[in-house]
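**Q** The structure under discussion is supplied below as structure tokens; questions concerning it will follow.
Throughout, read-outs are computed from the coordinates displayed, never taken from laboratory work. These numbers come from a predicted model, not from an experiment. Cβ atoms come from the backbone with ideal geometry, glycine included; neighbour counts cover every protein chain shown.
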Amino acid sequence: MFKKKYYSARYDFKTGFFYKFILFLGVALLAIYLLAKLIAITIGNQDAYIIRAVYEFSQSNSAQAVLAFSLILIAIGFMLYFLHCQFAKLAKIVEEIEKDEGLEEIK
């Protein structure tokens, strides 16, 4: 029916890559939000097309959605970082156990 899958202790489900990638996306979105707010505060509502578009974006609900999404991604990135650290500790414990078992076989 279902096959059991056995995972190695060194297999960390690619959490090292995923936490870096998701944290990068979260920080990048947060930087975009802060840059748009900073431009809107310092320059204000000018007649230039790009500046006006940035100002309107910073005042819309889309900017709030970018902020919320970036905070969610940062939180998920920290959770994945925690899992990555736990998998690294698990791998270290397994190496110590394997080393001790290897010494017992030699005796």
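**Q** Nearest 10 degrees is fine. How inclined is helix 15-42 to the longest principal axis of the chain, computing both from alpha carbons?
**A** The answer is roughly 10 degrees.
**Q** Radius of gyration and Dmax for the chain's Cα atoms, expressed in Å?
**A** Rg and Dmax of the chain, Cα atoms, are 23.6, 83 Å.
**Q** Which residues in the stretch 49-93 have a backbone N closer than 20 Å to a point placed 7 Å from the Cα of L38 along the Cα-to-Cβ line?
**A** Only 50-60, 63-71, 74 fall inside the zone, counting backbone N under 20 Å.
**Q** Also: Report the label-to-label distance for N45 and L90 in nanometres (one decimal), using points 7 Å from each Cα along the Cα→Cβ vector.
**A** A separation of 5.5 nm, rounded to one decimal place.
**Q** Still on this structure, please answer the following. Along the positive direction of the dipole of the chain (beta-carbon charges: Lys, Arg +1; Asp, Glu -1; about the Cα centre), which of S58, F78, L35 reaches farthest?
**A** S58
**Q** Springs between alpha-carbon pairs under 10 angstrom, Gaussian network model over the chain: which of Y33, Y49, Y19 fluctuates most?
**A** With Cα springs under 10 Å in the chain, the top fluctuation among Y33, Y49, Y19 is at Y49.
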